[in-house]
Amino acid sequence: MLGQSFMPVILLCFVDASTSFENGTVEGNGTSTAFNDGKSFLNYDKIKKTEVEKAAEEIPELQKEVTTKPDCPPVGLESLRVSDYQLQASSSLTSGLGPHRGRLNIQSGWEDGDEYDGAWCAGMKNQEQWLQLDALRPTLFTGVILQGRNSIWSLDWVTRYKVQFSNDTESWSPCMNGSQDAVFVGNQDQETPVLALFPEPTVAQFIRINPQSWFSNGTICLRAEILGCPMPDPDHQSIVEQERVSTDKLDFRHHNYNEMRKLLKAVNDECPNITRIYTIGKSYTGLKLYVMEISDNPGKHELGEPEFRYVAGMHGNEALGRELLLNLMQYICHEYKQGNQRILRLVKDTRIHLLPSMNPDGYETAYEKGSELSGWALGRYSFEGIDMNHNFPDLNNIMWDAQELATDKKKVSNHYIAMPEYYTTTEATVAPETRAVINWMQDIPFVLSANLHGGELVVTYPFDCTRDWIPRQDTPTADNDFFRWLAAVYASTNLVMANPDRRICHYEDFLSHNNIINGADWHTVPGSMNDFSYLHTNCFEVTVELSCDKFPHARELPVEWENNKESLLLYMEQVHRGIKGVIRDKDTKEGIANAIIKVAGLDHDIRSAADGDYWRLLNPGEYKVIVWAEGYMPLIRRCTVDSDPRATICDFSLTKTPRERIKQILAKGGKLPRDEQLRIRALRMRKLRVSTKILNRRREQQHRHAKIKRK
């Protein structure tokens, strides 16, 4: 092991200790700063050639002029690149508060004291306690980010600390601030990350965080991330796992709003024949919600071609999904031009819609702080403080209440359920972003979707809401088997989720569920987009929790792309499973819109689109399919679904109800079947659009007045 041979600690003093910075400090004449991906955060006086400069050619992070400081990334406590065995401590309060829990942004469960608590906490209260990292190789350490304990019951954080370095764990050298030990200012609360940069960046294998003071009513607890650049070590390469890199030439960095717009335009310019950029609305502050459409005939719904969507950034601080969709559109464009047969087929047979940022206001807030300093919640909500993951109409309880009251449950609507009246008013607490997405869903007959989130590694499927407001309980849909298939398709091909030896992210062991779970069996979410898609439209949708780290450092993005690339492509291809066809008038041959497609044994119907085409996602098997439309006689067919990912064509030609039959029904005092459900749904949607226009005008006026006042 590297630690067994003696190697002197190299202290590299790059700056005058009197330099001051923005966030966090070294006590006395100290150094600390804000951290932001893709930006060098310190400029140093010119220095002589050192060991670091000699290694610069071999380390991407060090390939800078000698006049600038190495912009070292996190070593990987939060992203789990650092293994549990690399973390040690002087003592631990409990096993659940051991050193392996001292990771930035790690979350605890509801109860304190279990095996998955929210920090490392020392077993004793004195200044001799420490948390230690073995980097496994010489590393240029440049800074520490500190956080308090995640707990709803306890208040614990470190207010001041020292840092020490070693190469053998026997002799330790303190981080110095001039002639004195550097003492860094820590936290003032549990959750706000505080960064301190070292006055003397140091090359060592081991680093210790040594708390000096802590919240008076608490104890020594912390979560940390460490910034460092790995140094070349040709004698010990075998102990270092080679990091995967992507060979795809994509723009791997975090993109703010303006940079995202430029990238969208660049993709559109490169592949104008298969891409189209459009907007579905604006955020509260006026940022546009951009969608990239990818199709061999962009801008038009083609008969029989299914519509697919990916949505990312509902929570603005969950940034990985945004970057993956930007990567995906670049990748499809490049591979299409290269003649990749899989991509050619996907673009030809599918109309793809990518919404990379549903909550651009929240993202901009998180982006300003940067990946490590945005914390766990900053930017999660809309500008108005709305959690859009709970902001869609709760149609589940409307359906379940109707079922309980109905004498004949078969007559209770199981699809195309109208949103409640209160939701359509200007007084309803509905984010403009949510309104825009609902309108988008109404305009395009989506068949399949995934909602990309972050902070865990699991795929969840509807229902997301439990019955009777139970905190968590398996609450399946009628299409539970197919939803489980969809979730398994993504989870089983994601390189991290599919690893049976991976560490759990926080406190839930989703490995025992094969990394898929019914959403309500994790935690109940009334008003989720997944449930709304299923009950209000024809679209099946799952949620993909992409990574333990909500906002990975830019360095992690190529690896995350490789982790998710196959999953993203394979999931899109599932839109071609099941049956599809066109519902036509037998006499005129015209398509019939809003015809009901029922599958015997599955209590969830779908509707045909404006041109009469439909898609019903199904697992392999033989199905009895009944089609009905207002003014037509119902028709029954048997349709067989094979295991191939290619939809079975199952067309229907409906005959109008004969006048004689209508007379017979009326003569017997009967009523003609009416599609009242469709009428109410359309009426509520019109009301929502009217109230949305009113609110948009009000916001525009407010923005204009605010600009005038600023001038």
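Rounded if a/c is under 1.5, else prolate if a/b beats b/c, else oblate: with a ≥ b ≥ c from the C-alpha gyration tensor eigenvalues square-rooted, which is the stretch 301-373? Could the numbers behind the result be given before it?
Values: a/c = 4.47, a/b = 1.99, b/c = 2.25.
Note, shape of the stretch 301-373 comes out oblate.
For the chain, a/c is not less than 1.5, where a ≥ b ≥ c are the root eigenvalues of the C-alpha gyration tensor, and a/b tops b/c. That puts it in the prolate class. Ordering Ser608, Cys548, Ile592 by Cα displacement along the dipole of the stretch 518-676 toward the positive end leaves Ile592 in first place; charges were set at the Cβ atoms of Lys, Arg (+1) and Asp, Glu (-1). Note on Met633 and Trp153: their simple-model spin labels are 6.9 nm apart, each label 7 Å out from Cα toward Cβ. Residues Ile209, Ile708, ordered by accessible area of protein heavy atoms at a 1.4 angstrom probe radius and largest first, appear as Ile708, Ile209. When all protein chains stay in place and ligands, DNA and RNA are ignored, the 1.4 Å accessible-area order of Lys369, Lys262, largest first, is Lys262, Lys369. Neighbours of Asp651 by Cβ distance under 12 Å: Lys/Arg scored +1, Asp/Glu scored -1, total +4. Shape class for the stretch 601-657, computed from the alpha carbon gyration tensor (a ≥ b ≥ c): prolate, with a/c not under 1.5 and a/b above b/c.
Taking every protein chain into account, the accessible area of the stretch 560-608 amounts to 33 square angstrom per residue (probe 1.4 Å).
Remark: the stretch 376-511 carries a charge dipole of roughly 280 debye about the Cα centre, counting +1 on each Lys and Arg Cβ and -1 on each Asp and Glu Cβ. Net charge in the neighbourhood of Gln188 (other residues with Cβ under 13 Å of its Cβ; Lys, Arg +1, Asp, Glu -1) is -2.
Applying a DSSP loop filter and a limit of 10 other Cβ atoms within 10 Å to the GluC sites (Glu not before Pro) in the stretch 349-427 leaves Glu427. Accessible surface ranking for Tyr623, Tyr336, Tyr614, 1.4 angstrom probe, highest first: Tyr336, Tyr623, Tyr614. Computed from the alpha carbon atoms alone, the convex hull of the stretch 536-604 holds 165 Å³ per residue.
Rounded to whole numbers, the Karplus 3J(HN,Hα) couplings from phi for the stretch 280-292 are 10, x, 10, 6, 4, 8, x, 6, 6, 8, 8, 10, 9 Hz, using 6.51 cos²θ - 1.76 cosθ + 1.60 with θ = phi - 60°, and x at Gly and Pro. Along its three principal directions, the equivalent ellipsoid of the stretch 490-631 from the Cα gyration tensor extends over semi-axes of 38, 17, 14 Å, largest first. For the stretch 87-151, a simple Cβ point-charge model (Lys and Arg +1, Asp and Glu -1, everything else neutral) yields a dipole of about 280 debye relative to the Cα centre.
Could you tell me which of the pairs Lys282/Lys550; Lys249/Lys288; Lys265/Lys337; Lys410/Lys598; Lys288/Lys369 are separated by over 20 angstrom between their Cα atoms in the structure shown?
Violating the 20 Å limit, Cα to Cα: Lys282/Lys550; Lys249/Lys288; Lys288/Lys369.
Dipole check for the chain: with +1 at the C-beta of Lys and Arg, -1 at the C-beta of Asp and Glu, and the Cα centre as origin, the magnitude is about 3740 Debye. Between Glu562 and Asp474, the contour length at 0.36 nm per residue exceeds the alpha carbon distance by 28.5 nm.
Only protein heavy atoms count here; on that basis, with a 1.4 Å probe, Met633 has an accessible area of about 80 Å².
Using a probe of 1.4 Å on the protein chains alone, the accessible area found for Ser216 is around 100 Å².
Leu136 contributes an accessible area of around 20 Å² to the protein surface, as traced by a 1.4 Å probe with all chains present.
The values are calculated or read from the model by the stated rules, or taken from the named source; none is laboratory data. What you see is a predicted model, and the numbers here were worked out from it, not measured in a lab. Cβ sites come from the backbone with ideal geometry, for glycine too, and all protein chains shown count toward neighbours. Just so you know, the surface numbers come from the protein's heavy atoms only, side chains and all, with ligands and any DNA or RNA stripped out. Shrake-Rupley method; radii C 1.70, N 1.55, O 1.52, S 1.80 Å.
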